[in-house]
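Undergrad: Take this structure first; my questions come after.
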Amino acid sequence: MEIRESIIREASGLFILMGVKKVKMDIVAKRLKISKRTIYENFKDKDSLIRATIDLFQQEQNEINKKILDDSENIIEAVLNLLKYGSEILGKINPKYYSDLQRLYPKIWKEKIEQNKVELCKFTLELLKKGKEQGLYRDDLNVEIIAHILIEQLTMLSDQRFIAGRKFSPVEIYENIVISMTRGVATVKGLELLEKYHPDATHL
């Protein structure tokens, strides 16, 4: 692994664990047993490092999402596998990570959120179209409208203004958004599979 990628991966893990504000370049350098100068030879400032960590995170999430979709037998199984994976990721992220980005790096936050929305929308459209092809999602769906609604709802999970003070965890909110949307777009056959794979879905 090249030193630049090592820096990105180490910083990304620390940002997610501790929040962005607390992670100084000295901490990253110490963890990697390199000099701070080496970091600045690869990144001109903390802003550029933050951008690189978000890009890597989003790239890897896109690749994993695609693999889950390709490896699943049908779209209902794929959605539930994506839900399981997404919940695991959400559970590992310190809320300060998002709040620090929103408060201290608003330009980066807005830029990367919009970038992520575009990628997620493409992926969601693929999911919805496959569901229709498999006869598990209703044929009368306007997939573009549904995709945009879902992405806007999921984006709220990273907005601490929405999450703060609520008695429900981001994971609980995430599960309810995904299951409710899936139930709303599924055919009778799709609902039968949803109940088979995830019996608790009928209670959400």
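Taken together, the values in this text are just the output of simple stated rules run on the coordinates, not laboratory data. The structure presented is a predicted model; accordingly, all values stated were derived computationally and were not measured. Reconstructed Cβ throughout: ideal geometry from the backbone, glycine too, with neighbour counts over all protein chains shown.
Undergrad: Out of curiosity, is residue 177 under 21 Å from the mean Cα position of the chain (by Cα) and crowded, with 16+ Cβ neighbours inside 10 Å?
TA: Criteria met by residue 177.
Undergrad: When residue 128 is evaluated against the numbered criteria (1) exposed (fewer than 15 other Cβ atoms within 10 Å of the Cβ); (2) in a helix (DSSP H, G or I), which criterion, by number, is the only one it fails?
TA: The single condition residue 128 does not satisfy is (1).
Undergrad: From the set of residues in segment 131-146 that are assigned to a helix (DSSP H, G or I) and among the hydrophobic types (A, V, I, L, M, F, W, C), which is nearest to residue 158 (Cα to Cα)?
TA: Of all residues in segment 131-146, those assigned to a helix (DSSP H, G or I) come to 131-133, 143-146.
Now restrict to residues that are among the hydrophobic types (A, V, I, L, M, F, W, C): 143, 145-146.
On the way: 143: 24, 145: 21, 146: 20 Å.
This residue is 146.
Undergrad: When you go through 154, 150, 141 one by one, which is the residue that is in contact (Cβ under 8 Å) with a residue 40 or more places away in the chain and not aromatic (Phe, Trp, Tyr)?
TA: Details: 154 fails: in contact (Cβ under 8 Å) with a residue 40 or more places away in the chain; 150 fails: in contact (Cβ under 8 Å) with a residue 40 or more places away in the chain.
Within the list 154, 150, 141, the selection yields 141.
Undergrad: Taking the conditions exactly as written (in contact with a helix residue (DSSP H, G or I) (Cβ under 8 Å, 6 or more places away or on another chain), within 29 Å of residue 59 (Cβ to Cβ), surrounded by fewer than 17 Cβ atoms within 10 Å (Cβ to Cβ) and among the aromatic types (Phe, Trp, Tyr)), does residue 97 satisfy them or not?
TA: Details: in contact with a helix residue (DSSP H, G or I) (Cβ under 8 Å, 6 or more places away or on another chain): yes; within 29 Å of residue 59 (Cβ to Cβ): yes; surrounded by fewer than 17 Cβ atoms within 10 Å (Cβ to Cβ): no; among the aromatic types (Phe, Trp, Tyr): yes.
Answer is no for this residue.
Undergrad: Which count do you get for residues in segment 98-109 that are without any contact (Cβ under 8 Å) to a residue 12 or more places away in the chain and over 15 Å from the mean Cα position of the chain (by Cα)? First the steps, then the outcome.
TA: Within segment 98-109, the subset without any contact (Cβ under 8 Å) to a residue 12 or more places away in the chain is 103, 106-107, 109.
Next cut, over 15 Å from the mean Cα position of the chain (by Cα) only: 103, 106-107.
Residues meeting the conditions: 3.
Undergrad: Here's something else I'd like to know. Which of the residues belonging to segment 1-25 are touching a helix residue (DSSP H, G or I) at 6+ places or on another chain (Cβ under 6 Å) and either in a loop (DSSP other than H, G, I, E, B) or more than 30 Å from residue 123 (Cα to Cα) (or both)?
TA: Residues satisfying the conditions are 19, 20, 21, 23, 25.
Undergrad: In addition: Looking only at helices (runs of 4 or more DSSP H) that fall completely inside segment 35-125, which ones have 1 or more residues that are farther than 30 Å from residue 136 by Cα and of a type in the set (Phe, Trp, Tyr)?
TA: Working: elements: 36-42, 46-71, 75-92, 95-104.
Where helices (runs of 4 or more DSSP H) fall fully within segment 35-125 and carry at least 1 residues being farther than 30 Å from residue 136 by Cα and of a type in the set (Phe, Trp, Tyr), they are 36-42, 46-71, 95-104.
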